[in-house]
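Notes follow once the structure below has been shown.
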Amino acid sequence: MAAAICAGCGAKLRPGRDRCPRCRAFVTVADPARSAASSRRLLRLSAVIVAGFAVVVIGLWLTSAAPPAAAPSTGTPADPLAARRQTPEPAAAAAVPLDGPRERSFLDSSGSGAVAYGSGEYASALEQYQAAVERNPQDAESLSNLGQVLVRLNRTAEAIPYFQRALDIIPNRWTYQFNLARALGLTGQLEQSVTAYRRAQELFPNDPVTTFNLALILHKKGDEAAAVVEYEKAIAAQPEDALFRMALAQSYERLQKPSEAVSAYQEALRLAPDAPDADKVRARIAQLTSGRP
């Protein structure tokens, strides 16, 4: 028989004792069979409790309402940068009281302008944004959108003051700064365009589109060394774009670096081997490697 332990004082007792010699407490010897049975009952009870909790959790999960699906977008971007330009969404229809007359709600001028711009109806968009700006001259978004419409209508010089006014209201909005820089470049104000693009870079660092556009303006200015620096930044941010490599190659040619130009052209072909002008690029590579101008 195994030695017992006093439940009162913890003293170790010889087998057969019915009282503890230290604290005189009575000693109860546990029945192994009864202990095993008790353990099994506790295990079964625990299993039932766990199973019941699992059923409750699963039931709550099955009956909970699923999150509403996002409504599909119906607008089509007017240009690849439309998502960046933050064109305002059409204004939501005003709520109508349940006991009031059911009248149709109309979009405000800025919302109508966004709809017209997205549909390519630039003349209508121009009128709507002009009305929005006339009603609220501090509406920076409508000022910028008005400038965008004017650019679309090939009235870029007229657009520049609107971009500047938008920036006066919200100086740190990248969209307005980018639009201003682009408009300045389109109107031949290259030095001002470079300054504006560098400011846009500060507002949106490592953006490949901003950096590439800056490089193009530097290329137009004839500052090929600075253009190469910006092309390399754009390529690092978006290495899969073959157009960036093509532009880089042309700047290397201007810098009289044919081997670097060939490498850039070859990378462009690797990225876009089926481009429409791929054969011309291959011919140019052949000319450069043969030493012909």
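Considering only the other residues whose Cβ falls under 12 Å of the Cβ of Q266, what net charge follows from Lys and Arg at +1 and Asp and Glu at -1?
Net local charge, Q266 excluded: +2.
Can you work out the FRET efficiency for the pair Q266 and E134, with r the C-beta to C-beta distance and R0 = 51 Å, to the nearest 0.05?
E between Q266 and E134, to the nearest 0.05, is 0.40.
Please give, to one decimal in nm, the separation of the simple spin-label points placed at A283 and R198, each 7 Å out from Cα toward the Cβ.
According to this spin-label approximation, the distance is 4.0 nm.
What shape does region 109-188 have by the C-alpha gyration tensor, where a ≥ b ≥ c are the square roots of the eigenvalues, rounded means a/c under 1.5, and otherwise prolate means a/b greater than b/c and oblate the rest?
oblate
Counting pairs of alpha carbon atoms under 8 Å apart in space and at least six apart in sequence, what relative contact order in percent does region 109-188 give?
23 percent.
Please sort by residue number the GluC sites (Glu not before Pro) in region 189-250 whose DSSP state is loop and whose Cβ has at most 16 other Cβ atoms within 10 Å. Before the final figure, lay out each step's value.
Details: sites: E191, E202, E224, E230, E232, E240; in loops: E240.
The qualifying sites are E240.
FYI, it's all coordinate maths here, none of it is from the lab. Just so we're clear, the structure is a prediction, and the values are computed from it rather than from any experiment. Quick reminder, even Gly has a Cβ in these numbers, built from the backbone with ideal geometry, and neighbours come from all protein chains shown.
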